[in-house]
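Down below is the structure, laid out as structure tokens.
Throughout, read-outs are computed from the coordinates displayed, never taken from laboratory work. Model, not experiment: these values are computed from the prediction. Cβ placement follows ideal geometry from the backbone for every residue including glycine, while neighbour counts extend to all protein chains displayed.
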Amino acid sequence: MDTNGSHVRELRASWVLQACAVALTIPLLVEIFLASRWPLVHDAPILHYIVFLMSKGFIPYIDIVDMNSPGAYLLESLGMHLFGGDARGWFLWDLAGAGMVIFGSAWVAGPGRRAAGVMAGSLTTIIHLADGASNIGQRDWIVAGLLLLSFGCIFQMLRGGHAAWLGGAAFFVAVAATVKPPAILFGFLVLGSLASSGCKEPRRAFWWSMGGFLAPVAVVGCFLVKWHALDGFIAALTGLIPCYASLQETSLLGLIGAMLGRLDLLFLALALVAFCMFLLRRGWSSYASAALLLGALAAIAYYVWQDKGWAYHRYPAVAFGSLFMVMEMERGIRAAGARARIAWPALAVLAILLPCAALARERKSTYRMGTLLHLQADLTRLGGPQLSGRIQCLDMTHGECINALYRLQLVQSTGFIYDFVLFPERSTAVTDALQSRFMRLISARPPCVFVLSEQDWPGGGRGYAQLMRWPAFAQFLQQNYALETQHDEGPADMSGYRIYVLR
């Protein structure tokens, strides 16, 4: 047995992984610097605005028409209270998510392999930031960090820790599931670890896991009871949420195609190399290696379950995929023979080319602010603070109406946050009921201003043809409102808008 050669390989691998982890801090810090200057845009202002409306007395799921889970409101509120509700605060919240991802990855990697975990977490953060300002602080980013912390608890128990660690694992999965329900998939991995780990205290571990899981559920229950929103949430579960989930459904090939940008292709190629290395060394015989692969597969299932193909839905898959890849390459460079010959060039690509590609993409990921700034100026000209409680958005995201209201701290006339339920391509019992409710509200107290975006989601069309899908509202608008201004100069990835004022 070549013990001397094995010792040299171990020492060399340790130094190389530490050097790679340090080297990755350069593109990571550059990306963090660029991201620190981004504005608060896209999805983030929507949940911020919902928290703002709640502070004004709007009741979630009763007054506010929205399909997000209660945990999303609680985490959004937590982030805003900890760091502030502006762009800087949300950037710091995103950095907190990065801290969870890097710490969780290092925790899972374990003693003697922390550098590999730090490297994987840094790489995940670099890929996340490369997606641009529209993905800062996304729920799936925080979910990725929570799920890695859950795995950290599982691995801590596997290394001989107390059964209570399984309670922590269940706790983090439950918190993630209250934000994004597909995260419940990872609960099966927690149960699998209880059944397969040879835990000396299985009964105590089971009760710890039940306690950990039920604690976040109890917090969500208290939140709904406090707001008298339990009935509204149940109605949303059976109505609005399934309606939203059915929109823009994407085939499996479409979901795969959505991930096939130049950066993701390189990532997928490296993942395939790592999987081949896993097979070569019979990695399934190691519980830890098999659990990490199952985590990556569960994260892919999480992405597929959401059925939209949006960039931020892949963050848990990127986090677990990065950790799986780096750990396999780390084992490969410690070995000899074919695995080492594969691992060394793969590690070089992962540590050099992938971060460079991500950095190049982030520098091109600009979010155009023309529409938002123009709309904000128009609303200020029309009265600014005087419009509070007397203005209504008909928009999804790209029209930036909700963002403009949040910036100006204006309260809407109603709690309808999106317009896709009001201008459906195919009417359903859910959309008919919401249209009737909206008409009752605006007829009883007509807003002074309507802002109608030309964005038409989920169809993806441009223009204002969506009005023709709801003739009753189009007639109401024509009889009671005059077109005050129209802005159609938005770039291809944004939307223009019309502003109607009460006659």
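Rounded to the nearest 5, what is the percent of antiparallel bridges among the DSSP beta bridges in the stretch 370-502? List each step's numbers first, then the result.
Details: 12 of 17 bridges.
The antiparallel fraction comes to roughly 70 percent.
Sort Lys56, Lys226, Lys308 so the one with the fewest other Cβ atoms within 10 Å of its own Cβ comes first. Walk me through the numbers on the way to the answer.
Values: Lys56 12, Lys226 9, Lys308 18.
Ascending number of Cβ neighbours within 10 Å: Lys226, Lys56, Lys308.
Kindly work out what percent of the DSSP beta bridges joining two residues of the chain are antiparallel, to the nearest 5.
Details: 12 of 20 bridges.
Counting only bridges with both partners in the chain, antiparallel ones make up about 60 percent.
Could you sort 355-366, 411-422 so that the peptide with the highest average Cβ count within 10 Å comes first and the rest follow in order?
On the way: 355-366: 16.7, 411-422: 20.5.
Result, highest mean first: 411-422, 355-366.
Work out how much length Glu484 to Ala218 would gain on full extension: take 0.36 nm times their residue separation and subtract the Cα-Cα distance, in nm to one decimal. Intermediate values should be presented prior to the final figure.
Numbers: separation 266, 0.36 × 266 = 95.76 nm, distance 4.88 nm.
Additional length available on full extension: 90.9 nm.
Given (i) -0.49, -0.83, -0.92, -1.01; (ii) -0.35, -0.77, -0.93, -1.07; (iii) -0.31, -0.67, -0.81, -0.95, which label gives log10 I(q)/I(0) by the Debye sum over Cα atoms at q = 0.06, 0.09, 0.10, 0.11 Å⁻¹ as computed from the coordinates?
(iii)
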